[in-house]
Amino acid sequence: MAADIPRLLEPALLQSILDSTAGDNNLIIVDLCSDALYRQKHVPSAVHLQPGVLMAGTAPYPGKLPTIEQLTNIIQYLGIDAGSHAVIYDDEGGGWAGRFAWTLDLLGYQNWSYLNGGIVAWIREGFATESQA
């Protein structure tokens with residue numbers, strides 16, 4: 001599956017993949033939007049990750065990465081492993097999604113795609129969303 005999914009993934013192609021792989025536990029959709037937006041609207045089956053957990057630094061270096069152990073715990077929480085493919089998106093133009101993609105690369109996970117346009121494009125194109133109470 002991963003070899004067939006482009007790095008830059010258009011919303012329509014993700015919808016097609018979701019339609020054809022229903023119940024496939026190897027596709028992990030990671031939402032890096034605000035907590036409020038995730039509760040209101042997210043791509044179906046997406047797992048939420050608070051963007052702030054990707055930074056462990058303090059001023060004057062707030063962008064430092066958490067420890068390898070902390071990052072490994074995040075990856076395990078999300079269900080990402082060597083056999084999975086992560087689709088990453090956010091609601092801020094790709095900054096948080098890009099940081100998470102970079103983090104995955106640092107940890108040796110190469111099977112990821114960025115949802116082009118994030119949740120904004122997904123909603124604009126009229127695809128279904130889920131909400132969480």
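The values are calculated or read from the model by the stated rules, or taken from the named source; none is laboratory data. Keep in mind that this is a model prediction, so the values were computed, not measured. Cβ coordinates were reconstructed from backbone atoms using ideal geometry, including for glycine residues, and neighbour counts include every protein chain displayed.
Values computed for the structure shown
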item: In region 66-82, residue farthest from the chain's Cα centre (by Cα) [restricted to those that are aliphatic (A, V, I, L, M) and surrounded by 13 or more Cβ atoms within 10 Å (Cβ to Cβ)]; result: Leu71
item: Candidate set: region 16-45, residues that are within 17 Å of Phe127 (Cα to Cα) and more than 15 Å from the chain's Cα centre (by Cα); chosen: the one surrounded by the most Cβ atoms within 10 Å (Cβ to Cβ); result: Ile17
item: Index of the failed condition, Gly63 passing every other in (1) over 12 Å from the mean Cα position of the chain (by Cα); (2) not in a loop (DSSP other than H, G, I, E, B); result: (2)
item: Enumeration of residues in region 79-97 that are assigned to a helix (DSSP H, G or I) and either at pLDDT 95 or above or among the hydrophobic types (A, V, I, L, M, F, W, C) (or both); result: Trp96, Ala97
item: Tally, over region 105-121, of residues that are over 13 Å from Tyr38 (Cα atoms) and assigned to a helix (DSSP H, G or I); result: 3
item: Where Tyr61 falls short, out of the listed (1) at pLDDT 95 or above; (2) more than 15 Å from Thr103 (Cβ to Cβ); result: (1)
